[in-house]
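Asker: Below you will find the structure I want to go over with you.
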Amino acid sequence: MNKIRLKNQEFEFEIIRSSRKTIGIIVNADQELLVRSPKKTSIRQIKSLLTKKEDWIIKKLAKMSEIKAPPKTKDFISGETFLYLGEEFKLKLAAEAGLNELKVILEQDRVAVHYPAELEKNKQKRKIAVREQLFSWYRSQAKKEINKLINLHKVNLNVEPNRIVIKKQKKRWGSCSSKKNLNFNWKIIMAPLTIIEYL
């Protein structure tokens, strides 16, 4: 692993060489610094570019640190907080007689999950149902917001993605394949819109 000092801090970085013509700098979801470079680019040239881009690198590392929060066990009960677009919302559970399926409603400072009253009979079953419905809502919101941004930027960049997929990913926030398929981690919807746009 290569090392470089930026802003009086030492950072490790990995070089990925290929037949590309330009040098690309990437800060991934694990706060790792990656450099994609042409095969014949020297270490000195790469370090020189990293030094020139140190402000950008430090800024992106800080942004990734914001969204890489440690996992917390949730009980999915009223009063718990959940992130959405960088803001905290309190969960509100509401049982409704005659309701056949769960639904999520975003209120001013709360995210309300309405569920059939019969789920009150089994707390564990209710917890699982609320969790699945809330995560399904997160995925649909992520798809909506990401599609908005892609439609905006594809015009400016003059590119057209082949497929857009929202899914669960362990490490990556997003990726683009050689076939122009875009994959996004649905949990990115918990981050501020500026970070989603950066991704």
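Asker: Name the single residue that is least open to solvent (accessible area, probe 1.4 Å) among those in region 161-173 being touching a strand residue (DSSP E or B) at 6+ places or on another chain (Cβ under 7 Å) and touching a residue at least 60 places away in the same chain (Cβ under 8 Å).
Answerer: 173
Asker: Turning to a different aspect of this structure: With respect to residue 140, determine if the residue is within 21 Å of residue 26 (Cα to Cα) and open to solvent by 30 Å² or more (accessible area, probe 1.4 Å).
Answerer: Numbers: within 21 Å of residue 26 (Cα to Cα): no; open to solvent by 30 Å² or more (accessible area, probe 1.4 Å): yes.
It is false that residue 140 is within 21 Å of residue 26 (Cα to Cα) and open to solvent by 30 Å² or more (accessible area, probe 1.4 Å).
Asker: Within region 1-59, can you find the residues that are of a type in the set (Ser, Thr, Tyr) and either open to solvent by 80 Å² or more (accessible area, probe 1.4 Å) or in a helix (DSSP H, G or I) (or both)? Give the steps one after another, and end with the answer.
Answerer: Looking only at region 1-59, we keep the residues that are of a type in the set (Ser, Thr, Tyr), and these are 18-19, 22, 37, 41-42, 48, 51.
19, 22, 48, 51, listed by residue number.
Asker: Mind checking which residues of region 174-199 are among the small types (Gly, Ala, Ser) and either touching a Phe, Trp or Tyr at 6+ places or on another chain (Cβ under 7 Å) or open to solvent by 70 Å² or more (accessible area, probe 1.4 Å) (or both)? Outline the logic, then answer.
Answerer: Step one: filter region 174-199 for residues among the small types (Gly, Ala, Ser), giving 174-175, 177-178, 191.
Within region 174-199, 174, 178 meet the criteria.
Asker: Let me ask you something else. Inspect all residues belonging to region 182-190 and state whether any of them is more than 15 Å from residue 77 (Cα to Cα), touching a Cys at 6+ places or on another chain (Cβ under 8 Å) and among the polar types (S, T, N, Q). I'd like the intermediate steps shown before the answer.
Answerer: Filtering region 182-190 for residues more than 15 Å from residue 77 (Cα to Cα) gives 182-190.
Within this subset, residues satisfying the condition of being touching a Cys at 6+ places or on another chain (Cβ under 8 Å) are 182-183.
Imposing the further condition that a residue be among the polar types (S, T, N, Q) reduces the set to 183.
Yes, there is a match, as at least one residue in region 182-190 is more than 15 Å from residue 77 (Cα to Cα), touching a Cys at 6+ places or on another chain (Cβ under 8 Å) and among the polar types (S, T, N, Q).
Asker: For region 185-199, name all the residues that are at pLDDT below 80 and in a loop (DSSP other than H, G, I, E, B).
Answerer: 199, the sole residue that qualifies.
Asker: Would a scan of region 63-75 turn up a residue that is in contact with a helix residue (DSSP H, G or I) (Cβ under 8 Å, 6 or more places away or on another chain), modelled with pLDDT under 95 and not in a helix (DSSP H, G or I)? Write out each step before concluding.
Answerer: Keep residues of region 63-75 that are in contact with a helix residue (DSSP H, G or I) (Cβ under 8 Å, 6 or more places away or on another chain), which gives 63, 66-67, 74-75.
Add one more test, that the residue is modelled with pLDDT under 95, and what stays is 63, 66-67, 74-75.
So of that shortlist, the ones also not in a helix (DSSP H, G or I) come out as 74-75.
Taking every residue of region 63-75 in turn, at least one turns out to be in contact with a helix residue (DSSP H, G or I) (Cβ under 8 Å, 6 or more places away or on another chain), modelled with pLDDT under 95 and not in a helix (DSSP H, G or I).
Asker: A follow-up question, please. May I ask you to list the residues in region 98-129 that are farther than 30 Å from residue 86 by Cβ and touching a strand residue (DSSP E or B) at 6+ places or on another chain (Cβ under 6 Å)?
Answerer: Scanning region 98-129 gives 99, 117, 120.
Asker: Taking the options 134, 182, name whichever one is assigned to a helix (DSSP H, G or I) and touching a residue at least 24 places away in the same chain (Cβ under 8 Å). Outline the logic, then answer.
Answerer: Working: 182 fails: assigned to a helix (DSSP H, G or I).
The match here is 134.
Asker: Which condition from (1) under 30 Å from residue 162 (Cβ atoms); (2) open to solvent by 50 Å² or more (accessible area, probe 1.4 Å); (3) of a type outside the set (Val, Ile, Thr); (4) touching a residue at least 12 places away in the same chain (Cβ under 8 Å) is the one that residue 152 breaks?
Answerer: Result: residue 152 fails condition (4) only.
Asker: Turning to a different aspect of this structure: Which number in (1) assigned to a helix (DSSP H, G or I); (2) open to solvent by 50 Å² or more (accessible area, probe 1.4 Å) marks the one condition that residue 119 misses?
Answerer: Result: residue 119 passes all but (2).
Asker: Related question: Could you look through region 122-134, keep only residues that are within 13 Å of residue 77 (Cα to Cα) and not charged (D, E, K, R), and pick out the one that is surrounded by the most Cβ atoms within 10 Å (Cβ to Cβ)?
Answerer: Across region 122-134, the extreme among qualifying residues is 130.
Asker: Return the total of residues in region 92-112 being open to solvent by less than 30 Å² (accessible area, probe 1.4 Å), closer than 29 Å to residue 194 by Cα and without any contact (Cβ under 8 Å) to a residue 24 or more places away in the chain.
Answerer: 1
The values are calculated or read from the model by the stated rules, or taken from the named source; none is laboratory data. Since this is a predicted model, take the numbers as computed values, not measurements. Neighbour counts run over all protein chains shown; Cβ positions are idealised from the backbone, glycine included. The accessibility values were calculated without ligands, DNA or RNA, using every heavy atom of the protein model including side chains. Shrake-Rupley method; radii C 1.70, N 1.55, O 1.52, S 1.80 Å.
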